[in-house]
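A quick write-up on the structure given underneath.
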Amino acid sequence: MRQPEPEPQSFDRVLSSMCTEPHPDARAAAERFLATNPGDPATYESVAELEARAVEGLATLAAHSAPADAAGYVTSRGTEANVQAVRSARNRHDGSEVNVVAPASAHFSFTKAAEVLGVELRTVPLDDDFRADVDAVAAAVNDGTALVVGVAGSTEYGRVDPIPELAAIAEEVGAGFHVDAAWGGFVLPFTDHAWSFADAAVDTLTIDPHKYGQAPVPAGGLLAREDAALDALAVDTPYLESRSQATLTGTRSGAGVAGAVAAMDALWPDGYREAAERAADNADWLADELADRGYRVVEPELPLVAADVPESEFESLRDAGWKVSRTGAGELRVVCMPHVTRSALRAFVDDLDRIRR
Ligand SMILES: *Cc1c(COP(=O)(O)O)cnc(C)c1O
């Protein structure tokens with residue numbers, strides 16, 4: 001018996017996701033390249049060429065005015081990019097006791113990386129405004145530190161760590177330095193934040209097309225200032241025409257690669273700038289509306305608003321169909337992705353008013 005076709009959710013009431021509706025060109029390109037595998041470039045030649053363009057595009061975003069010559073590849077997602085950054089640093093580190101120093105705000109993918117790779121993850125406390133505490137990071141590093149991690153756009157509060165200061169600490173102990181801009185990477189080029197290769201001695205960087213990049217899932221990105229960081233990941237590949245592979249997965253998504261290129265072709269830089277400005281305006285607007293109603297609001301730095309909304313009101317918002325989530329500390333968290341319109345936010349605030357009455 002035929003079941004009714006399942007429908008994907010609509011994005012109308014999705015307020016806490018870090019993914020968004022893909023750009024129409026990206027959707028079309030992804031479908032065209034659905035049956036390709038950039039993991040086997042000798043067979044799937046055109047998608048391999050597209051991947052080089054994707055890396056060039058991501059490197060351009062991450063370069064500001066510096067030359068965009070970073071190496072890298074299109075990962076399956078941010079998690080893979082972060083795992084690979086840790087793996088590369090571990091492989092390049094001398095000594096058997098290896099640790100990675102990251103702020104408490106670092107994404108849980110670093111916990112996975114540490115477990116899988118058998119390295120110690122040292123998480124250090126944040127300052128009062130949810131950024132990595134530089135002194136705490138300095139106190140945590142030692143000879144065994146293979147990698148220091150900075151977050152440029154944290155998952156819970158959208159904070160940007162003091163990247164140049166963290167890079168300097170890493171340099172002092174001879175550790176690598178990784179920036180996780182999985183979510184923030186397509187917004188940060190339009191802000192004054194120091195976050196990427198041009199701003200500090202960043203060795204590797206995570207930047208996901210499938211978040212603010214408006215590419216379809218799955219498309220993440222790993223960039224490296226020097227080829228050596230990728231070379232440290234290469235393994236021999238006996239049955240393929242290409243001799244070695246630096247990626248974590250074998251077969252990969254050609255749809256992700258083609259979608260990322262199409263999105264960047266369509267949107268870099270003006271489309272992304274407009275999206276970033278609209279998102280920032282929306283976040284500021286929502287933060288003001290919530291503060292006006294007496295909620296404690298964490299001032300948005302990137303377009304993400306966290307506010308102390310009581311449990312009962314949060315549950316009522318969920319019951320009203322709003323797809324919202326909370327931070328570890330319990331605040332309501334609204335991520336102003338490109339699909340989140342001002343009118344959706346107005347409807348959300350109206351519902352909140354109705355619930356409060
Ligand atoms: C989303 C996110 C990740 C993980 O990326 P996935 O694509 O979900 O695997 C890592 N770091 C940050 C800061 C993120 O926002």
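One table, with the values for the structure above:
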read-out: Scan of the stretch 4-24 for residues that are of a type in the set (Val, Ile, Thr) and touching a Lys or Arg at 6+ places or on another chain (Cβ under 7 Å), ordered by number; value: Val14
read-out: Phe130 vs. criteria within 14 Å of the ligand (Cβ to nearest atom), part of a helix (DSSP H, G or I) and closer than 22 Å to Ala329 by Cβ; value: no
read-out: Qualifying residue in the stretch 198-219 (condition: β-branched (Val, Ile, Thr), modelled with pLDDT of 95 or more and surrounded by fewer than 24 Cβ atoms within 10 Å (Cβ to Cβ)); value: yes
read-out: Qualifying residue in the stretch 288-296 (condition: hydrophobic (A, V, I, L, M, F, W, C) and either modelled with pLDDT under 95 or under 30 Å from Arg356 (Cβ atoms) (or both)); value: yes
read-out: Pair list, Cβ < 7 Å and 6+ apart or interchain, from the stretch 277-292 residues that are assigned by TED's automatic domain parsing to the domain that holds Ser343 to residues that are buried (at least 19 other Cβ atoms within 10 Å of the Cβ) and assigned to a helix (DSSP H, G or I); value: Asn282/Leu345; Trp285/Leu345; Leu286/Leu345
read-out: Lone qualifier among Ala146, Ala182, Ala170 - being more than 16 Å from the ligand (Cβ to nearest atom) and not in a strand (DSSP E or B); value: Ala170
read-out: Phe130 vs. criteria assigned by TED's automatic domain parsing to the domain that holds Pro218, under 13 Å from the mean Cα position of the chain (by Cα) and more than 25 Å from Gln214 (Cβ to Cβ); value: no
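Yes/no matrix, rows are residues, columns are (1) charged (D, E, K, R); (2) out of contact with any Phe, Trp or Tyr (no Cβ under 8 Å at 6 or more places or on another chain); (3) in a loop (DSSP other than H, G, I, E, B):
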residue: Ala26; (1), (2), (3): no, yes, no
residue: Ala30; (1), (2), (3): no, yes, no
residue: Leu34; (1), (2), (3): no, yes, yes
residue: Gly39; (1), (2), (3): no, yes, yes
residue: Val55; (1), (2), (3): no, no, no
residue: Leu58; (1), (2), (3): no, yes, no
residue: His93; (1), (2), (3): no, yes, yes
residue: Val100; (1), (2), (3): no, no, no
residue: Ala106; (1), (2), (3): no, yes, yes
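The values are calculated or read from the model by the stated rules, or taken from the named source; none is laboratory data. Given the structure is predicted, the values throughout are model-derived calculations rather than measurements. Because the Cβ atoms are built from the backbone with ideal geometry, glycine has one as well, and the counts that use them run over all protein chains shown.
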